[in-house]
Structures are given as structure tokens and as C-alpha cells.
Amino acid sequence: MPNNHVARQGVLNYSEPRAPHSRLVHIGVSYSAPPNRVLAALTEVIDQVEGLPAEPRPTLRVIGYGESAIQYELRYHVDTYDDWRRVESEIYRLLWYQFRRAGLEIPFPIRSVHLQRVPARGADVSAQRLLRTLRAIDMFRPLSEDELHTAAAAFRHVHYSRGERVLDEGDAGDSFFVIDHGEVEVSKRLGGTSRSLARLRAGQFFGEMALLTGESRTATVSAASDVDLFTIDKAGFESILVANPAVAEDISAILAMRRDALSQAAGEVGQQGDGALATQVAQARILEAIRNYFGLYTRRGK
Ligand code: CMP
């Protein structure tokens, strides 16, 4: 190319100065998805993308009604221009998982014909797996076969990809999770760093503390591998406890042990004297708190 031609053109320098560079991502989402839910799901995604500068914050807008989708615009910034490919790949990758969990559909272009054969027994297989998983959990042992089936109907399946946060320390939360497949990492912020507390695998559960006591999440739980989880909300769990309050006794024992581990990790001085006795006392208190929170005394008295 002749030099005089180059000299006549404007030159855009993407590496100097190193101020944040702004980029736009356009996403089309089904007309059946309420925009507030879409914006909430997109916010969750942004919060999980690593390497985005704290300022300026990404912004989200609904920008119009397209042929087959409502159009959303995400504007984000990167400090280093070359970073945009990695960031955008992360956004599109995480978006798929987040939208799938939230039941939001990214539509196919309207002109393509998409024929889908519905798997006849898919739901059955997952229901059987769920029953098997619930049966293996000690805390659900008091449930009769009928009660177990009723409980299973209140769970739904969710999938997280490796590295995604399932729940965040300090958040309010009313969902409880059972691990169907894969592993999660439980960690806690201590003195500015994140400390790993436990790794939980198939057949184990988490999220019971906030659900059962109404307090905020005590730790962060992230997917250590791609994980399949079954989740239930407070109303669903309440129906299990009301059907069989003995479940609260088993779960309070586990809660007391986990609380103990959390206090130890935080370097709190334990109660004086017999450790086992202290845990028993803590368990009794937790059981009392669960019964009060779910109104189990009142119901039984009626
Ligand atoms: P919750 O407080 O609702 O959210 C974070 C979850 O991490 C918590 O419930 C427990 O399920 C789990 N958790 C907290 N501490 C431990 C621990 N020491 N061992 C295993 N799991 C834990």
C-alpha cells in the first residue's frame, strides 16, 4: 500500500493510551422471556466474568424488538484491548448455562426450521436418578416412600459449568442443593483471601444453612467440575419438614458440625470444655431455630 495513502487515513491506536476500551455485545432472547428476568440473568453472567475492570461498570439495555427475538445490548470495558476475545468468549459461554438454568431461550434465526424429537423417557430417567440420590441421603431416611416421591416432585434439575459460582457468601438465599453428578468447592473469605473449607461430591448437599435458618449464606459454593444438581426452594423444603419433622433433627446435626468447621476456620475460640457436648448443645439450638423458622411447633399444635 502506498505510504501517501496510509498517511491520509486516520489511525486508531488500540494499545495507547491504556484507558478502558469499550465493546458492545448484542444478544437476542425469546419474546416469551420477561425482560427483567433476562436483565437479571445477564447481570449474573457479568458478575462472574473474570478480568472486567470494576469501573466503568458494564451496562445493559433493551434495544429493540427484532424479527425473532428481543434485542439486548451489553456494553463492557477491558483495560487491555487484546482481552476482548477472551472476555466475550466467557460471556457467551457462561450465558448459555445461566440462560438454560433460568429457562430463557436464545432463539434460532426465524428462517431456520428446527425439528426436535422430544426424548420420550428423559424426564423419567432424571426422576429415577433423583429418587436414588435422595434415598441415599441420611437426613431423608425418616421419609416414607410416598413422602419421598412427594419431596422429589418439588426438586428441579440445574446444571453449572466448572468455575461457575452456585451461591455467594453473604447473599440471601432460600435454595437447597443436592449433588447428582460432579463436585463443588466450599470456600470462605478470611482476612482478604478465600480459604477452601470442603469439597462436596455426588450424594452430598449444600445450601441448607441459609434455607433453614433464614441467615445469609455462610460460604461461597462453586462448581469444581461441570455439575448436575437438584435444587428445592424454601416452600418445597417446608412441605418435607411438615410431612416429617424428624428430618429437621438429622439436618440440625450436620448443620452443627458444619458450623463448627466454619468457626474453626474463622479462628473463633470454641466453647470451653467437652467438644462433643458443645456440638450437641449447638445442635439443639439449631433444631429449635429451624422449628421456629418453619413454624413446626405451631403446626403440630393445631
Ligand atoms: P449456606 O450457608 O446456605 O450456603 C453456603 C453453604 O456451604 C452452607 O449453607 C453449607 O451447605 C456449605 N458449608 C458451609 N460450611 C461448610 C463446611 N465446613 N463443610 C461443608 N459444607 C459447608
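Restricting 153, 136, 123, 127 to those that are surrounded by fewer than 18 Cβ atoms within 10 Å (Cβ to Cβ), away from the ligand (no atom under 16 Å from the Cβ) and at pLDDT 90 or above reduces the list to 153.
Residue check: residue 254 meets all listed conditions (1) under 21 Å from residue 135 (Cα atoms); (2) under 14 Å from the mean Cα position of the chain (by Cα); (3) within 11 Å of the ligand (Cβ to nearest atom) but one, namely (2). Scanning region 200-245 for residues that are within 11 Å of the ligand (Cβ to nearest atom), open to solvent by 10 Å² or more (accessible area, probe 1.4 Å) and part of a strand (DSSP E or B) returns 200, 205, 220, 222.
Please determine whether any residue of region 36-43 is over 24 Å from residue 161 (Cβ atoms), open to solvent by 40 Å² or more (accessible area, probe 1.4 Å) and touching a His at 6+ places or on another chain (Cβ under 9 Å). Break it down into steps so the answer makes sense when it comes.
Initially, region 36-43 is screened for residues over 24 Å from residue 161 (Cβ atoms), giving 36.
Subsequent filtering for residues that are open to solvent by 40 Å² or more (accessible area, probe 1.4 Å) retains 36.
Now drop any that are not touching a His at 6+ places or on another chain (Cβ under 9 Å), which leaves none.
No; the residues of region 36-43 include none that is over 24 Å from residue 161 (Cβ atoms), open to solvent by 40 Å² or more (accessible area, probe 1.4 Å) and touching a His at 6+ places or on another chain (Cβ under 9 Å).
Set side by side, the residues 54, 41, 7 differ, and just one is modelled with pLDDT under 90 and within 23 Å of the chain's Cα centre (by Cα), which is 54.
With (1) open to solvent by 60 Å² or more (accessible area, probe 1.4 Å); (2) at pLDDT 85 or above; (3) among the aromatic types (Phe, Trp, Tyr) as the list, and residue 293 as the residue in question, which single condition is left unmet? Condition not satisfied by residue 293: (2).
Beta carbons closer than 6 Å, at least 6 apart along the sequence or on distinct chains, pair a first residue in region 145-166 that is assigned to a loop (DSSP other than H, G, I, E, B) with a second that is crowded, with 16+ Cβ neighbours inside 10 Å for 154/232; 154/236; 155/130; 155/230; 155/232; 161/97; 162/223; 164/223.
The values are calculated or read from the model by the stated rules, or taken from the named source; none is laboratory data. None of the values given here were measured: they were computed from a predicted structure. Glycine gets a Cβ as well: all are built from the backbone with ideal geometry, and neighbour counts include every protein chain shown. Only protein heavy atoms, including side chains, enter the accessible area calculation; ligands, DNA and RNA are left aside. Shrake-Rupley method; radii C 1.70, N 1.55, O 1.52, S 1.80 Å.
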